[in-house]
1. In whole Å, how far is the Cα centre of region 138-188 from that of region 279-331?
2. Run the numbers on region 26-188 and let me know its relative contact order in percent, using alpha-carbon pairs under 8 Å that are six or more apart.
3. Amide H neighbours of VAL343 under 5 Å, counting only residues 5+ apart in sequence or on other chains, H built in-plane at 1.01 Å?
Amino acid sequence: MAESSAINRCLFLFMLIFPHFSTLALAEDGLVANGDFEARPSNGFPSEAIADGPTEIPSWRTKGRVELVSSGEKVSGGMLLIVPGGSKAVRLGNDAEISQEVTVEKGSTYAVTFSAARTCAQLESLNVSVPPASQSVDLQTLYNVQGWDPYSISFEAEEDKVPLIFRNTGMEDDPECGPIIDDIAIKKLVTPDQPKDNAVVNSGFEFGPWMFQNVSLGVLLPTNLDEETSPLPGWMVESTRAVRYIDSNHYAVPEGKRAVELVSGKEGIISQMVETKPDKLYSLTFSLGHAGDKCKEPLAVMAFAGDQAQNFHYTPDSNSTFQVASVNFTAKAERTRIAFYSVYYNTRTDDMSSLCGPVVDDVRVWYSWASINEVQMLLGLGLSFWAYLLVLV
């Protein structure tokens with residue numbers, strides 16, 4: 001009896017302690033709890049629910065008019081609602097929000113990937129925040145004909161537990177308007193070590209946000225002017241439109257598994273400040289390619305390195321989907337800006353509306369130990385030396 005009583009006490013203590021430790025488990029890379037909104041509410045989905053009242057969404061807190069919508073569902077006017085993945089998603093009405101507390105590692109940087117669509121033709125936007133960080137994502141521009149896009153934003157965790165909040169800041173007259181959200185995932189970001197022979201951080205874009213393997217749309221990276229807290233470590237998106245982060249599973253990628261497609265013309269700029277030594281000669285090299293997504297040519301990139309800017313056109317080659325381009329520049333300071341944007345606004349040839357563009361990958365900035373004049377001088381000295389030896393002989 002005494003032994004049985006001791007075992008019962010141990011089990012009781014374990015049951016008290018285990019929930020505490022389970023709440024401390026860090027968020028794993030991938031979907032957050034019920035991030036696809038497929039979990040069935042206790043009173044059933046809206047079409048099944050018996051009781052009236054606010055929509056219950058497992059693992060999420062709601063505020064304002066928040067609705068669980070289904071694939072194939074229609075609203076007034078006969079418009080079909082778009083559900084990015086699965087059969088369920090969430091729609092946010094005027095000034096409505098959903099939130100979830102996520103356990104993270106304090107001081108680390110995370111990227112949040114999510115899919116979003118707009119319901120009405122009016123301008124709709126979505127505010128994504130992990131206080132104090134906050135970013136608004138414009139949903140007015142559609143980058144493909146499917147009616148939705150995956151996006152990613154980033155934040156630095158200031159506490160061990162943080163609220164992840166999605167809020168519709170719009171005030172539409174039609175109560176059935178409002179952005180639709182689906183497939184919310186999180187990923188802890190790691191900045192790669194600085195290579196010895198390259199001043200560019202994350203030069204091959206291999207380090208970036210979560211990407212769903214069954215989604216062929218890549219991930220859009222909206223404006224982000226903070227290279228320290230970016231969903232693409234080391235890089236900034238410093239323009240009004242997004243660039244697309246792509247993978248080798250669905251696109252032609254010059255090197256490795258990831259790259260960036262410049263889909264917004266001059267409104268989609270990626271840049272990085274690299275370490276340089278003043279008055280030294282450097283070379284910027286990069287791979288310029290075609291994503292293999294039926295993007296209409298011509299494709300061209302404007303590349304910037306310090307005070308140098310050069311236009312490069314992609315030349316199709318049956319043996320390769322990319323080519324290497326380079327820009328020589330002399331550094332003027334200890335940090336030099338490199339940047340890229342698409343010269344043209346390109347669309348796909350199969351639908352003439354999905355935005356696309358040239359691919360940039362494998363970006364390198366390396367120090368040239370001698371200027372062209374110095375090389376010429378050394379060659380001259382070498383020739384003079386050999387001529388002198390021949391005269392002696």
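1. If you average the Cα positions of each part, the centres end up 33 Å apart.
2. Averaging sequence separation for qualifying contacts and normalising by length gives 32 percent for region 26-188.
3. ALA300, VAL301, MET302
A short reminder: the numbers here are calculations on the coordinates, not readings from a lab. Bear in mind the structure is a predicted one, so any value in this text is a computation, not a measurement.
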